[in-house]
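Peer 1: For reference, the structure I am asking about is given below.
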Amino acid sequence: LYHAAGLDVRLICPSDPGFSPESSAYVAAPDTDGNDGTSPYVTPCSKVAAGDAHFGINSPEGVVGWNTAQGRPALKAVAALINNRNSSAIVTLASSGRSRPKDLDGCRYASYAARFEGRIVQKMIQHDGGTGEYEEATPPMLGIWNTLLEGKADATWIFLQ
C-alpha cells in the first residue's frame, strides 16, 4: 500500500523478541505516483529527516551527500538491499558511437544533481584521457531516461539491478 510518505511495509523479524505480526514502518522511496516532473523531488533522506518515514532506501552517495551538508540531522546507512548487484553505470545510446568515458568530452550529461555526481563523472572522463569538460543538464528526475531518447542529452547515470 503506497503512501505519500513512502511504502507501508511489514517488518518481519521473527527472531526479534519484540516481533509482532502487526508491526509496520513507513519506508521512504521515490514517489512515482503521477509526478509529472513539475513538483520538486523529495529525497528519501529528506523524508526520514522530516519524520515522514522511519527509514529510507537510498544510495550510499545519497547518504554521504546528506551527512556532509551543514545543518542536517545525521543519518546512517545500515545495509545493502541487493547483495552483489548494487552497481551503476554511465550510459549512452549505442547509436551514439560513444563507448568510453573520454568520449563524453564536450557532450551533454543528464544529471540527478547529486552532490558528488558531477565530480565523479569529470574524474572518470579525465582518468580515461579526456579533459573532463562537458555540459551538465538537470532534467526532471523521473524523466531523465527520455532525455537520451529525445536527443536532449548524450549520457546519464543508471543503476543496475
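The values are calculated or read from the model by the stated rules, or taken from the named source; none is laboratory data. Since the structure is predicted, the reported quantities are computational estimates derived from the model, not experimental observations. Backbone-built Cβ (ideal geometry, glycine too); neighbour counts: all protein chains shown. Quick note on the areas: whole protein, heavy atoms, side chains included, nothing else; ligands and nucleic acids left out. Shrake-Rupley method; radii C 1.70, N 1.55, O 1.52, S 1.80 Å.
Peer 1: I'm checking my understanding of the structure. Among residues of the range 14-70 that are assigned to a strand (DSSP E or B) and at pLDDT below 60, which one is surrounded by the fewest Cβ atoms within 10 Å (Cβ to Cβ)?
Peer 2: 25
Peer 1: Counting just the residues of the range 109-161 that are assigned to a loop (DSSP other than H, G, I, E, B) and among the polar types (S, T, N, Q), which one comes out farthest from residue 91 (Cα to Cα)? Working first, answer last.
Peer 2: Restricting attention to the range 109-161, the residues satisfying the condition of being assigned to a loop (DSSP other than H, G, I, E, B) are 111-116, 128-134, 138-140, 150-154, 161.
Restricting the remaining residues to those that are among the polar types (S, T, N, Q) gives 111, 131, 138, 161.
Values: 111: 12, 131: 18, 138: 16, 161: 15 Å.
Residue satisfying both the conditions and the ranking: 131.
Peer 1: A further question follows. Which one of these is free of Cβ contacts under 8 Å to residues at least 24 places away in the same chain and out of contact with any Asp or Glu (no Cβ under 9 Å at 6 or more places or on another chain): 151, 118?
Peer 2: 151
Peer 1: Okay, next question. Within the range 122-135, track down each residue that is surrounded by 15 or more Cβ atoms within 10 Å (Cβ to Cβ) and in contact with a strand residue (DSSP E or B) (Cβ under 6 Å, 6 or more places away or on another chain).
Peer 2: 134
Peer 1: Looking only at the range 78-97, filter to residues that are modelled with pLDDT of 85 or more and open to solvent by less than 70 Å² (accessible area, probe 1.4 Å); which one of those is nearest to the chain's Cα centre (by Cα)? Steps first, answer last, please.
Peer 2: Kept after step one, since they are modelled with pLDDT of 85 or more, are these residues of the range 78-97: 90-97.
Add one more test, that the residue is open to solvent by less than 70 Å² (accessible area, probe 1.4 Å), and what stays is 90-93, 96-97.
Working: 90: 13, 91: 15, 92: 18, 93: 20, 96: 24, 97: 26 Å.
Among those that are modelled with pLDDT of 85 or more and open to solvent by less than 70 Å² (accessible area, probe 1.4 Å), it is 90.
Peer 1: Suppose the filter is at pLDDT below 85, outside any helix (DSSP H, G or I) and among the small types (Gly, Ala, Ser); does residue 74 pass it?
Peer 2: no
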